Amino acid sequence: MNALPAPGQRWLTGVFLACGLVLMYGIFRPTPPPELFEQSDKFMHLLAFAALTLSGRAALTRLSALPFWSLFLMLGPALEVAQHWFQPGRVFSIEDAIANIAGTLLAAAFWWLWRRWRSARA
């Protein structure tokens with residue numbers, strides 16, 4: 001797959017950085033976000049990691065697949081562990097770590113389907 005022209009690549013990098021900032025704010029804020037519905041925090045973890053991973057894959061096209069997917073699969077649990085180091089009032093949640101991994105896997109499935117669809121059209 002060809003890389004996007006420079007303006008398109010810069011836009012994707014900006015989206016990726018914005019997703020990263022929003023995710024970091026949500027994870028490292030002093031108190032958890034308010035619960036909108038039962039288990040809404042797990043849903044938000046899943047969506048945030050799906051958005052971060054998908055935008056990251058689109059922005060970081062020069063990084064080969066194995067290192068990229070490995071890094072993002074490890075990032076979810078690692079950020080949950082780091083959360084307590086930066087905000088002692090927050091604790092590690094295995095459910096949040098699983099939701100983070102699930103978001104990355106959802107992004108991987110979407111990326112795979114999108115690439116198959118594009119190659120079928122070519």
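Derivation of every value follows stated rules applied to the coordinates shown; laboratory data play no part. Remember, predicted model here, so these are calculated numbers, not experimental data. Note that we place each Cβ from the backbone using ideal geometry, even for glycine, and neighbour counts take in every protein chain shown.
Observations on the model:
- Enumeration of residues in the range 13-40 that are over 24 Å from R57 (Cα atoms) and in contact (Cβ under 8 Å) with a residue 40 or more places away in the chain: R29, P30, T31, P32
- Those helices (runs of 4 or more DSSP H) of the range 5-109 in which at least 1 residues are surrounded by fewer than 17 Cβ atoms within 10 Å (Cβ to Cβ), among the β-branched types (V, I, T) and in contact with a helix residue (DSSP H, G or I) (Cβ under 9 Å, 6 or more places away or on another chain), considering only elements entirely within it, cover 6-28, 65-86.
- With respect to the conditions (1) under 12 Å from the mean Cα position of the chain (by Cα); (2) within 19 Å of S40 (Cβ to Cβ); (3) without any contact (Cβ under 8 Å) to a residue 12 or more places away in the chain, V91 lacks only one, and its number is (1).
- Test: T61 is touching a residue at least 60 places away in the same chain (Cβ under 8 Å) and either more than 13 Å from the chain's Cα centre (by Cα) or over 30 Å from R121 (Cβ atoms) (or both): yes
- Criterion (touching a residue at least 40 places away in the same chain (Cβ under 8 Å) and under 20 Å from C19 (Cβ atoms)) met by exactly one of A78, A99: A99
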